[in-house]
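The values are calculated or read from the model by the stated rules, or taken from the named source; none is laboratory data. These figures come from a predicted structure and were not determined experimentally. All Cβ positions, glycine included, derive from the backbone under ideal geometry; neighbour counts span all protein chains shown. Note: areas computed on protein heavy atoms with side chains; ligands, DNA, RNA excluded. Shrake-Rupley method; radii C 1.70, N 1.55, O 1.52, S 1.80 Å.
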Amino acid sequence: MIRPMLAADVPDVLALLTWMDDAPEREVFSPGARTERDLRAECEDSTCLVEAGEEGVVAYCALSPFRDGLVMEGPVGEGDAHLSTLLRRALAHADGLPVYAFAARDNLPVRSALEDEGFSPMHTTAFYDAPLSRLTPHACAPAGHRISRQLPLAAYRELFRASEDTWAERLTWTPEQMDSHFARDDVRLVALMRGEQPVGFAELEFSPDDGRADVTYVAVHPAERGQGYGLTLLALAAAEAETHPEVRTLRARAHDHMKPARALYARAGLTHCRSVVTYMKEGDEDV
């Protein structure tokens, strides 16, 4: 029986998410929060469905607002037979909006279910990591340069626009949104300056509970590439991460078309750890 999630289902859903996390090949998109309280709060603002049997919940998925449409959490289920039916019922709640989904490259049952329901793969994102100790020995600014932990909004936008080709919605943020983002305790900016001109920056997000810092962006101005600034920025990001005692690993990511970024991570000593496929199901253009 497929139905909306009830408060009594939360322990079973958390158990499913833990089961998913036990093996990388099972991974699908899921919020980082894993507490009962947070899951209940998320489902107050989302469409959360479960498939329940005599022994409790056996599959789960949810839809939440995302970009121009919705993002799917899951589908998560211990048996492949539950995925397609649950997925079909969830899509009935999409109201004609585009739906995005994220699944580990090796999660073939979920990927097959998504494709059977009309989802198309957009790109694959590869993740790379390394212990901080492998990177920090090279953490120093080149001669004639200095390190800054903030940038004027105009300089940030100019460098971001020149360097980044996938997350352009960042350019639409208001000054208040930008200030709020960089005021977060888990976000850091490390910029490399020559005089008053930024040549590149790295952005970090910390996950102390996982012992990890993620490099969410590495931007080097196109006119400054080929001079080793990317390696320097990764090392500076690792040094910044090292100021958090719980953090031991630096992780970075690159879409499949970003060959220079993948080559940079290999030169820096990061190794591939997982890959995630981004899917999208087109919405109804009349909506």
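If you go through the range 121-132 one residue at a time, do you hit one that is touching a residue at least 12 places away in the same chain (Cβ under 8 Å), open to solvent by less than 80 Å² (accessible area, probe 1.4 Å) and not in a strand (DSSP E or B)? Scanning the range 121-132, I find at least one residue that is touching a residue at least 12 places away in the same chain (Cβ under 8 Å), open to solvent by less than 80 Å² (accessible area, probe 1.4 Å) and not in a strand (DSSP E or B), so the answer is yes. Within the range 229-287, the set of residues being of a type in the set (A, V, I, L, M), outside any helix (DSSP H, G or I) and under 30 Å from Gly69 (Cβ atoms) comprises Ala252, Ala254, Met258, Val276, Val277, Met280, Val287. Scanning the range 12-32 for residues that are open to solvent by less than 70 Å² (accessible area, probe 1.4 Å) and touching a helix residue (DSSP H, G or I) at 6+ places or on another chain (Cβ under 7 Å) yields Val13, Leu14, Met20, Glu27, Val28, Ser30, Pro31. Within the range 6-34, residues that are among the basic types (Lys, Arg) have Cβ atoms under 6 Å from residues that are not in a helix (DSSP H, G or I) in these pairs: Arg26/Asn107, counting only partners at least 6 apart in sequence or on another chain. Val110 fulfils the conditions (1) in contact with a strand residue (DSSP E or B) (Cβ under 7 Å, 6 or more places away or on another chain); (2) over 30 Å from Ala266 (Cβ atoms); (3) assigned to a helix (DSSP H, G or I) except for a single criterion, (2). Scan the range 80-107 residue by residue and report those that are in a helix (DSSP H, G or I), of a type outside the set (Gly, Ala, Ser), surrounded by 17 or more Cβ atoms within 10 Å (Cβ to Cβ) and in contact (Cβ under 8 Å) with a residue 40 or more places away in the chain. If the condition is that a residue be in a helix (DSSP H, G or I), of a type outside the set (Gly, Ala, Ser), surrounded by 17 or more Cβ atoms within 10 Å (Cβ to Cβ) and in contact (Cβ under 8 Å) with a residue 40 or more places away in the chain, then Leu86, Leu91 are the ones that fit.
Take the residues in the range 204-234 that are in contact with a Lys or Arg (Cβ under 7 Å, 6 or more places away or on another chain) and open to solvent by 20 Å² or more (accessible area, probe 1.4 Å); name whichever of them is nearest to His255 (Cα to Cα). If we take residues in the range 204-234 being in contact with a Lys or Arg (Cβ under 7 Å, 6 or more places away or on another chain) and open to solvent by 20 Å² or more (accessible area, probe 1.4 Å), then Asp214 is nearest to His255 (Cα to Cα). If you check Ser207, Ser163, Ser180 for being over 14 Å from Leu234 (Cα atoms), in contact with a Pro (Cβ under 9 Å, 6 or more places away or on another chain), at pLDDT below 95 and polar (S, T, N, Q), only one passes: Ser163.
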